Structures are given as C-alpha cells and as structure tokens.
Amino acid sequence: MIKLGWYLTFYVILSWLLFLFTAPTILGWIAFFFVLPYFYGILLLCWWIFVHRNRNKNPRVKPWIWVTISILQLATILTAPGSCFGVKQGDRCYSNIQYLLSPDKPHWTLVEDAFWGFLLAYCIAVCLGFFRLSFVQYRSEEANAKLSTRDEDGNT
C-alpha cells in the first residue's frame with residue numbers, strides 16, 4: 001500500500017506540473033496555481049492518512065477509473081485557456097485546442113466555457129480514483145503454510 005501511495009503522490013506532482021506548463025495564461029494559472037494545489041494538498045493528506053490506516057492491505061486498482069481520469073485530464077488541458085490576447089479589453093481567452101488548430105478564427109465559446117466543468121469533473125474523478133480501491137488482506141506466513149499443507153479435501 002505504501003508503494004501505491006508513492007506512485008499516486010508522484011502522479012499528483014507530475015499532473016500538476018503538466019497542467020502548469022499547458023496553461024500559460026493568467027486564467028490558467030489562477031486555476032492551476034492557486035486552486036489546484038489546495039485540492040491536491042488536501043487529497044494527498046487524506047490519502048496518506050488512508051494509506052497509513054490500510055498499510056497491511058493489498059490494494060487492487062480499478063483501471064477503468066484511471067482511464068476516465070486520463071481522458072478528463074486531457075479534456076481539461078485541451079479546453080484550458082491557451083491564449084488571452086486582448087483579455088483586458090474584454091476579449092475571451094482561446095482554448096488550447098482552438099489555439100493549436102485555428103488561432104485566428106472566431107471563438108469557440110462552447111469549448112472555452114467547458115474548461116471549468118472539465119476541471120471539476122477531473123477533480124471528482126481523481127477523488128474516486130484515489131478512494132475507490134478494493135483490498136485483499138495480506139496473509140501471514142503461518143496462514144500460508146497451513147493452506148499449503150492441506151490436501152484437496154481440506155485435511156491437514
């Protein structure tokens with residue numbers, strides 16, 4: 001369980017850095033530098049308390065949750081504000097996907113407005129991914145020895 005705790009801590013740090021590097025705008029940094037660290041900090045604190053209480057258990061990770069988290073993280077990065085030229089004059093920020101595909105076209109308001117929804121969905125999915133683990137209790141060596149000495153009928 002401790003090993004999984006370190007893997008997930010590494011994931012949080014790498015994920016946060018990825019978010020910071022993909023949103024080089026003021027609005028992106030407000031979301032990723034001032035909001036997301038508090039979420040990640042509280043999540044990691046709760047996670048390590050959870051790991052400490054369940055350190056003798058063997059976790060089983062559900063892969064479909066982490067596939068969903070990856071898709072939501074990619075959607076959040078693509079809808080994050082990528083270019084905010086003229087924002088002080090009342091212009092909207094272009095999303096990363098729009099900035100990559102067609103920066104001189106009209107705004108895609110549906111994509112630009114989806115950023116905060118995807119960020120919220122991503123945070124909820126990360127919470128579910130961290131805390132929806134199933135566990136298998138470790139067996140002691142004595143219990144394994146007893147199980148290995150039994151025959152097919154269960155006799156020792």
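The values are calculated or read from the model by the stated rules, or taken from the named source; none is laboratory data. Model, not experiment: these values are computed from the prediction. Positions of Cβ are generated from backbone atoms using ideal geometry, with glycine treated the same way; all protein chains shown enter the neighbour counts.
Worth a mention:
- Meets criteria (closer than 13 Å to Phe130 by Cα, crowded, with 16+ Cβ neighbours inside 10 Å and hydroxyl-bearing (Ser, Thr, Tyr)) for Tyr7: no
- Any hit, region 48-62, residues being basic (Lys, Arg), in contact (Cβ under 8 Å) with a residue 24 or more places away in the chain and touching a Phe, Trp or Tyr at 6+ places or on another chain (Cβ under 9 Å): yes
- Within region 70-97, tally of residues that are modelled with pLDDT of 85 or more and part of a loop (DSSP other than H, G, I, E, B): 1
- Residues that are polar (S, T, N, Q) and surrounded by 14 or more Cβ atoms within 10 Å (Cβ to Cβ) within region 44-57 comprise just one, Asn54.
- Reported count of residues in region 2-37, each being of a type outside the set (A, V, I, L, M, F, W, C), over 14 Å from the mean Cα position of the chain (by Cα) and part of a helix (DSSP H, G or I), is 3.
- All of Leu110, Leu100 fail the test of being modelled with pLDDT of 80 or more, in contact with a strand residue (DSSP E or B) (Cβ under 8 Å, 6 or more places away or on another chain), part of a helix (DSSP H, G or I) and exposed (fewer than 14 other Cβ atoms within 10 Å of the Cβ), apart from Leu100.
- Cross-chain or 6+ apart pairs with Cβ under 9 Å, region 63-85 first and under 10 Å from Ile97 (Cβ atoms), then at pLDDT 90 or above and of a type in the set (Ser, Thr, Tyr): Ala75/Tyr122
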